[in-house]
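Just below is one structure, and these are the notes that go with it.
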Amino acid sequence: MSENATIRGELCWGGVPLTQLAERVGQTPFYAYDRARLAARVAAVRAALPGGIGLHYAVKANPMPALVGFMRGLVDGLDVASAGEMAVALDAGANPLHVSFAGPGKRDVELVQAVASGVLVNIESMREVGLLASACERLGLPARVAVRINPDFEIRGAGMRMGGGAKPFGVDTEQVPAVLKAIGHAGLQFEGFHLYPGSQNLKGALIAQGLLQSHELVLRLADDAPTPVKHVNLGGGWGIPYFPGEQALDLAPVSDALAAIQQRMASELPGAQAVLELGRYLVGEAGIYVARVLDRKLSRGQVFLVTDGGMHHHLAASGNFGQVIRRNYPVVIGNRMDTVAREVASVVGPLCTPLDVLAERTELAPSEPGDLVVVFQSGAYGPSASPQAFLGHPRCAEVLV
Ligand SMILES: *Cc1c(COP(=O)(O)O)cnc(C)c1O
C-alpha cells in the first residue's frame, strides 16, 4: 500500500485518478481492480516458485468475469467451487483440462455438468463416485477425478480452517483407500489428490510445514491409487495483511518446501505435477472499494462519515465475514491524499443497522460530503461475498482497469 501513485492529490488506480475513474464508472460505490497489480502479483509468485509447480487461480476469491478472463491468461488453471463458477471459467476461455471443481455439496446436475465439460472433479464423498459413474455411462464420456483429502492433522495459522479434524470438506484420510477402490471399480479416470487446509494464513513457515505434511500424506495414500498419480493440488490459503501490525507473507520457507517436494515427487511419483491454488493472495491487494461521503454527522463529539456504500457491498470490511474481532481495513479519503491534517472519524454505510461500519474511529484527512472513501485490500471476497439485497440499496459496480 506504500507505493500508491497519486496525481494532484488523488489516488490513481490502474493509472486513472480517482474522480475520473468514478465518472467513468458512472456511479459510486464501485470496486476497481488493477490489471498491472494482478499481473505483478502473479509474476512475483512465479518468481518465488520452483519451476514446474502449477499455479491456479481460485475463482471464488473474485469471480468478476473480466477479471477471471484476465487471470486465465496469467495462470496455469482455474479452480471453481460451483457450476456457476465453472461457467464463468469456461466462458473466460479456460481449457477444461486445466479447470478443477471442489465443493462439499455438489448437486447431481453439477456433477453431470462437470463430466459434460471435461473438468477435473475433486471428489469429496462416496456419493459423488456413484453419481459420476452414472453420468459417465449416460453421456459416454470419461469422468476426470481427484480425491480431496481431509487430512488427519491440522495446518496451523489459517484464519478459516477447512481441513483437519471433523470437517464437511473432502474425504477423511482413513476413508480415502475405500474411495480410491470405488473409483477404480467405477472406471472413473483417476488423476490425483487435492488438499485445502484453509484461508488467510500469514505465516510462511506454517504454510511450508503444511505443504510438506500434505505431500507426505499424498505419498502414503498414492499406494492405494488405481492408476499413477498425475496431479497433486496442495491448496493455498496464502494470506494478505489487512490490519496494523500484520506482515506480508514471507515466501522463502514456502519456496524451499516446494523445492523439496518437487525433488521427492520426481522420484516417488514420477510424472505427477504439483499445483497450488491461490485466490486472495493473487487478487486481494489489486482491488479497492470506493464509496462517496453522503453526510458528515457529529454525534456527541464523534465524527461519522455516512457513505453510499457499506456492508451490503463489502461484508469483509465491515468485520462480519468470519472475523472474531472487528478491525479496520486500511481506509483513506482518496481525493485528499495530499492533505496532511488528520481527524478521527468513523465511516459507516447507509444501512439501518449498527453492523454497517467500514471503519471505526480511524485517522483520516478531514472530509466533506462528495469526497471519496477508499477501502484498500478489497480485491478478494468483495461483492460476491456480500449481502447486496439486504435493505434494498443499489448494487455496486465493478471495473477492471
Ligand atoms: C476458498 C478456497 C480457495 C481460495 O482460498 P484463498 O484463501 O482465497 O486463497 C481455494 N481452494 C478451495 C478449495 C477453496 O475452498
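Go through the stretch 300-317 and give me each residue that's crowded, with 23+ Cβ neighbours inside 10 Å, of a type outside the set (A, V, I, L, M, F, W, C) and not in a strand (DSSP E or B).
GLY309, GLY310, HIS312, HIS313, HIS314
Inside the stretch 260-299, can you point out the residues that are open to solvent by less than 50 Å² (accessible area, probe 1.4 Å), more than 16 Å from the ligand (Cβ to nearest atom) and hydrophobic (A, V, I, L, M, F, W, C)?
Matches in the stretch 260-299: ALA260, ILE261, MET265, LEU269, ALA272, ILE288, VAL290, ALA291, VAL293.
Can you tell me which residue among LEU358, LEU364 is closer than 18 Å to TYR242 by Cα, among the aliphatic types (A, V, I, L, M) and more than 28 Å from the chain's Cα centre (by Cα)?
On the way: LEU358 fails: more than 28 Å from the chain's Cα centre (by Cα).
Selected residue: LEU364, the only one of LEU358, LEU364 that is closer than 18 Å to TYR242 by Cα, among the aliphatic types (A, V, I, L, M) and more than 28 Å from the chain's Cα centre (by Cα).
Can you tell me which residues in the stretch 165-191 are over 27 Å from PRO228 (Cβ atoms) and either within 16 Å of the ligand (Cβ to nearest atom) or open to solvent by 60 Å² or more (accessible area, probe 1.4 Å) (or both)? Spell out the reasoning first.
Restricting attention to the stretch 165-191, the residues satisfying the condition of being over 27 Å from PRO228 (Cβ atoms) are 165-168.
Once the filter is applied, which keeps residues that are over 27 Å from PRO228 (Cβ atoms) and either within 16 Å of the ligand (Cβ to nearest atom) or open to solvent by 60 Å² or more (accessible area, probe 1.4 Å) (or both), the stretch 165-191 yields ALA166, LYS167, PRO168.
Within the stretch 192-203, take every residue that is among the hydrophobic types (A, V, I, L, M, F, W, C) and within 20 Å of VAL80 (Cα to Cα) and give me the one that is farthest from the ligand (Cβ to nearest atom).
Here is the first cut: in the stretch 192-203, the ones among the hydrophobic types (A, V, I, L, M, F, W, C) are 193, 195, 202.
This time we only want the ones that are within 20 Å of VAL80 (Cα to Cα), so: 193, 195.
Details: PHE193: 13, LEU195: 9 Å.
The qualifying residue farthest from the ligand (Cβ to nearest atom) is PHE193.
Yes/no per residue for (1) of a type outside the set (Phe, Trp, Tyr); (2) open to solvent by 50 Å² or more (accessible area, probe 1.4 Å); (3) more than 16 Å from GLU398 (Cα to Cα):
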residue: THR28; (1), (2), (3): yes, no, no
residue: ARG35; (1), (2), (3): yes, yes, no
residue: LEU38; (1), (2), (3): yes, no, no
residue: VAL42; (1), (2), (3): yes, no, yes
residue: ARG46; (1), (2), (3): yes, yes, yes
residue: PRO63; (1), (2), (3): yes, no, no
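Any residue that is in contact (Cβ under 8 Å) with a residue 12 or more places away in the chain and of a type in the set (S, T, N, Q) - is there at least one of those in the stretch 287-305?
In the first step, residues of the stretch 287-305 are kept if they are in contact (Cβ under 8 Å) with a residue 12 or more places away in the chain; the result is 287-296, 302-305.
Within this subset, residues satisfying the condition of being of a type in the set (S, T, N, Q) are 302.
Checking the stretch 287-305: at least one residue is in contact (Cβ under 8 Å) with a residue 12 or more places away in the chain and of a type in the set (S, T, N, Q).
From the list MET126, MET162, which residue is in contact with a strand residue (DSSP E or B) (Cβ under 7 Å, 6 or more places away or on another chain) and not small (Gly, Ala, Ser)? Give the steps one after another, and end with the answer.
Details: MET126 fails: in contact with a strand residue (DSSP E or B) (Cβ under 7 Å, 6 or more places away or on another chain).
Being in contact with a strand residue (DSSP E or B) (Cβ under 7 Å, 6 or more places away or on another chain) and not small (Gly, Ala, Ser) holds for just one of MET126, MET162, which is MET162.
Working only within the stretch 125-162, note down all residues that are within 16 Å of the ligand (Cβ to nearest atom) and either among the aliphatic types (A, V, I, L, M) or touching a His at 6+ places or on another chain (Cβ under 8 Å) (or both).
So the first thing to find is which residues in the stretch 125-162 are within 16 Å of the ligand (Cβ to nearest atom), and the list is 125, 128, 145-151, 155-162.
Listed by number, the residues that qualify are VAL145, ALA146, VAL147, ARG148, ILE149, ILE155, ALA158, MET160, MET162.
Looking at (1) open to solvent by 10 Å² or more (accessible area, probe 1.4 Å); (2) of a type outside the set (D, E, K, R); (3) in contact (Cβ under 8 Å) with a residue 40 or more places away in the chain, which is the only condition ALA257 fails?
ALA257 satisfies all of (1) open to solvent by 10 Å² or more (accessible area, probe 1.4 Å); (2) of a type outside the set (D, E, K, R); (3) in contact (Cβ under 8 Å) with a residue 40 or more places away in the chain except (1).
Is there any pair with a first residue in the stretch 192-204 that is in contact (Cβ under 8 Å) with a residue 12 or more places away in the chain and a second that is near the ligand (Cβ under 7 Å from one of its atoms) and part of a strand (DSSP E or B) whose Cβ atoms are under 8 Å apart and which are 6 or more apart or on different chains, and what are they?
Matching pairs, first to second residue: HIS194/GLY235; LEU195/GLY235; TYR196/GLY235; TYR196/GLY236; TYR196/GLU277; PRO197/GLY235; ASN201/TRP238.
Looking only at the stretch 255-294, count how many residues are in a strand (DSSP E or B) and not acidic (Asp, Glu).
The total comes to 13.
Restricting attention to the stretch 349-360, does a residue exist that is part of a loop (DSSP other than H, G, I, E, B), farther than 14 Å from VAL303 by Cβ, open to solvent by less than 20 Å² (accessible area, probe 1.4 Å) and not hydrophobic (A, V, I, L, M, F, W, C)?
From the stretch 349-360, those part of a loop (DSSP other than H, G, I, E, B) are 349-356; that's our starting set.
Going one step further and asking which of them are farther than 14 Å from VAL303 by Cβ, we end up with 349-356.
Then keep just the ones that are open to solvent by less than 20 Å² (accessible area, probe 1.4 Å); that gives 349, 351, 356.
When the remaining residues are screened for being not hydrophobic (A, V, I, L, M, F, W, C), the result is 349, 356.
Yes: the stretch 349-360 contains one or more residues that are part of a loop (DSSP other than H, G, I, E, B), farther than 14 Å from VAL303 by Cβ, open to solvent by less than 20 Å² (accessible area, probe 1.4 Å) and not hydrophobic (A, V, I, L, M, F, W, C).
The values are calculated or read from the model by the stated rules, or taken from the named source; none is laboratory data. Only a predicted model underlies this, so the values are computations on that prediction, with no experimental measurement involved. Glycine gets a Cβ as well: all are built from the backbone with ideal geometry, and neighbour counts include every protein chain shown. Side chains included, ligands, DNA and RNA excluded: accessible areas come from the protein's heavy atoms. Shrake-Rupley method; radii C 1.70, N 1.55, O 1.52, S 1.80 Å.
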